[in-house]
Each structure stands twice: as C-alpha cells, then as structure tokens.
C-alpha cells in the first residue's frame, strides 16, 4: 500500500509541475489530492472487469466448464470496493470489528474473517431496500456530526470553507478524475440516495477530458453555489416524481426515454442555488 501511495504522490506532483495554471498550484500547495487518482484507478479496473464479463457472456467459450476462473490484472486498491460492499450489503453478513472513536473507519474491516459465498453475483442481485444501506455511516453520526446533522441545514458557501466541507462539496459535483493511464468521469448525481437526497433522472454531463490540465481544472473549478445542503441524518432518499415517470416509461418501452423529454421539476425551490450535484 505504501508503494502505491508513493506512486500516486509522485504522479500528482509531476502533473502539478507541468501545469502552469494558478488554480492547481493553490490547491496543491499544502496537500496532495490522492482521492481522485485512487477513484479513477478503481473506475478503470471496474470497467475492465465489466468488459471481460460482458464479452464472456456474448461469446462463451466452447468446451469450458463453469465456474470459470476469470483472470484480470487489477492495479487499483480494490479492497476499497470490498469495504464499500461490506458496509452496505447486509445480506453478505460480514461482521465488522469494534473500534475506538479515534480510529479510522477502515480499521473495522482489518483482518475480518472473509465470508464464504458460493455465488456473490446472486447475493448482490438479491439485495433489496431492506438489506441495502444507502447511508451506512449515519450510525456513526456522533463521530461525523458535521455531515449528518439532526435536522437538515443550509451552510452558506464562504471564501474560507474548511477542508472537510470543501471535500464534501467536491464529492457532490460531477467532475473529471485523473488516473495514471486514464481520465474517468465522476457522476455522483447517479447515486443521489447515497447522500440522503432524492434520486433525479441521471442525465448526461459534458466531458472535459481532452487533456489532463483541462480535467484537473474541471475538478478544481470554483464553487458557484451559495449554500451547501446537508439533509437530516434520519433522511431516507427516495426518487423524484419525474424520475418515477421516466422509469415507468423506460421499463414499458423498448426505447429509453431521454431526460430532455421530461419537464424540469428539480431541485425543489428551497435548494435553488445550493450545492446538490453542481
């Protein structure tokens, strides 16, 4: 893990030195942003895995007995995907360790005895609203109270936003993520319920991946909204009315309805000018 971290830092420093954009220098003066690179590498590996599986289903190998061992070279810290799934899929029944309040959340899964699942795909596909946690860290609201307030709150966007709030705002924005060998698009508006928000139609967003400099500037772009919205820790996201209509149309038609066919009714008036998925 240390070698991977050093590689990430060196790559980010090299890109920063090549860029003459003042925004990058300002953001990178004191800290190294590892998260976008790590996430980009995970997206890339997940795409490779998906392609391999889809290709295998389209063109099955004759004479091969199943289960088939599919070998894919994964270069990203894939244990983060395992942790993500373990935190959210209750039907996997993994038992996390108890940790001290000051410990990092990842420690909960350190050397946890792996669960033997005969068919992982079946276990994941069988998950429903009763055994999937959209916001697993709400139960640690006392530790992360800033992000899980008792009541919903609007925080004014100021010039001197703290690092934690700034990081949260970035997590809410569609942006470009620069990896070692690719530039991936981060689309949190497709999983709004993970942030306690109602899921709206996940429309397409223009790309800014022509060059690494363009992508990094997109990631670091200024915040144009006036407020940041934090839903209540008790908030359970649902879907918007137009999403429900769009989904029903898509499910009953051979052709998916485009988001442009449905009138805008989102966000609610109280969230206009607020960071939701800017």
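What follows draws every value from the coordinates through simple rules; no lab data is involved. Given the structure is predicted, the values throughout are model-derived calculations rather than measurements. Note that each Cβ is placed from the backbone with ideal geometry, even for glycine, and that neighbours are counted across all protein chains shown.
General observations
- Using only alpha carbons, segment 65-194 has a radius of gyration to Kirkwood radius ratio (Rg to Rh) of 0.99.
- Each peptide in 117-123, 129-135, 217-223 gets a packing score, the mean of other Cβ atoms within 10 Å over its residues, and the list from highest to lowest is 217-223, 129-135, 117-123.
- Cα centroid separation, segment 88-103 to segment 127-166 (Å): 18
- Computed label-point distance, nm, for sites residue 119 and residue 85 using a 7 Å Cα→Cβ extension: 1.5
- Whether segment 134-247 is rounded, prolate or oblate, judged on the alpha carbon gyration tensor where a/c under 1.5 counts as rounded: oblate
- Full extension of the chain between residue 163 and residue 35 yields a length gain of 44.7 nm, computed as 0.36 nm times the residue separation minus the alpha carbon distance.
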